[in-house]
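Trainee: Quick one: this structure, given as structure tokens, is what I'll be asking you about.
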Amino acid sequence: MSARRILIVQGHPDASAPHLCHTLAQAYADGARLAGHALRTVQVAALDFPLLRSQREWEQGALPATLQAAQDDIAWAEHLVFFFPLWLGDMPALLKGLLEQVARPGFAFKAAAGQGDTPFSRKGLKGRSARLVVTMGMPAFVYRWFFLAHSVRSLERNVLGFVGIRPVRATLVGGVEQLGEAGVRQWQRKLQGLGAQAR
């Protein structure tokens, strides 16, 4: 397999201590590096940026300078891997805020010839794939079958798919409080393997 450009987006908003998301992201990164893939990382918790508050600001406002490097990394990447914990049934607000800021017209959407300034004329991030690695307290099968993996499907379809990123695959890590050391090691091996395959 040829080497790919991979961007890891660490979406855990708590930078005060390592969490399972950080452990799994490190395992993925180790596998990717050993396989010869190029790797960059965005640590959402380390970024300082305002939340968007209006459609006009999203369409016409300037991208905060603190997010320019993150947007450049997304443009560079061929494969994006998002790590985040499930909070209140969804991704943490800080990660959602980042996506809203960087996915602007002119970057995530580009006007096609003859279509004027319509921001949704052409998907600007085609040619990229993604994986979502989501940790949660409930068993993954409960989230997948009872809650229908609602937030993951929404991110896949309404955000990433909307800007042209596909395919989007998901790895759901459930029952995190009951994993124990053996369970964490098992997930580390799995993520290392996915990193080696750039999947």
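The values are calculated or read from the model by the stated rules, or taken from the named source; none is laboratory data. Remember, predicted model here, so these are calculated numbers, not experimental data. Glycine also receives a Cβ, built like all others from the backbone with ideal geometry; neighbour counts cover every protein chain displayed.
Trainee: Before we move on, is Gly183 surrounded by fewer than 19 Cβ atoms within 10 Å (Cβ to Cβ), at positive phi, out of contact with any helix residue (DSSP H, G or I) (no Cβ under 6 Å at 6 or more places or on another chain) and not aromatic (Phe, Trp, Tyr)?
Mentor: So Gly183 does not fit the description; no.
Trainee: Name the residue, out of Ala65, Ala111, Ala17, that is among the hydrophobic types (A, V, I, L, M, F, W, C), more than 17 Å from the chain's Cα centre (by Cα), modelled with pLDDT under 95 and surrounded by fewer than 15 Cβ atoms within 10 Å (Cβ to Cβ).
Mentor: The unique qualifying residue is Ala17.
Trainee: Check off (1) buried (at least 21 other Cβ atoms within 10 Å of the Cβ); (2) over 25 Å from Leu172 (Cβ atoms) for Val42 and give me the number that stays unchecked.
Mentor: Unmet for Val42, out of (1) buried (at least 21 other Cβ atoms within 10 Å of the Cβ); (2) over 25 Å from Leu172 (Cβ atoms): (2).
Trainee: So which residues in segment 159-192 are part of a helix (DSSP H, G or I), in contact (Cβ under 8 Å) with a residue 12 or more places away in the chain and among the basic types (Lys, Arg)?
Mentor: Result: Arg189, Lys190.
Trainee: Can you give me the number of residues within segment 131-159 that are at pLDDT 95 or above and among the aliphatic types (A, V, I, L, M)?
Mentor: So the answer is 4.
Trainee: For segment 68-86: of the residues being touching a residue at least 60 places away in the same chain (Cβ under 8 Å) and surrounded by fewer than 18 Cβ atoms within 10 Å (Cβ to Cβ), which is nearest to the chain's Cα centre (by Cα)?
Mentor: The residue in question is Glu78.
Trainee: Note down all Cβ pairs under 9 Å where the first residue falls in segment 40-59 and is polar (S, T, N, Q), the second is assigned to a helix (DSSP H, G or I) and surrounded by 15 or more Cβ atoms within 10 Å (Cβ to Cβ), and they're at least six residues apart or on different chains.
Mentor: Thr41/Ala25; Thr41/Ala29; Thr41/Asp73
Trainee: Now a separate question. Checking Leu125 against (1) surrounded by 15 or more Cβ atoms within 10 Å (Cβ to Cβ); (2) within 17 Å of the chain's Cα centre (by Cα); (3) part of a helix (DSSP H, G or I), only one condition comes out false. Which one?
Mentor: Going through (1) surrounded by 15 or more Cβ atoms within 10 Å (Cβ to Cβ); (2) within 17 Å of the chain's Cα centre (by Cα); (3) part of a helix (DSSP H, G or I) one by one, Leu125 breaks only (3).
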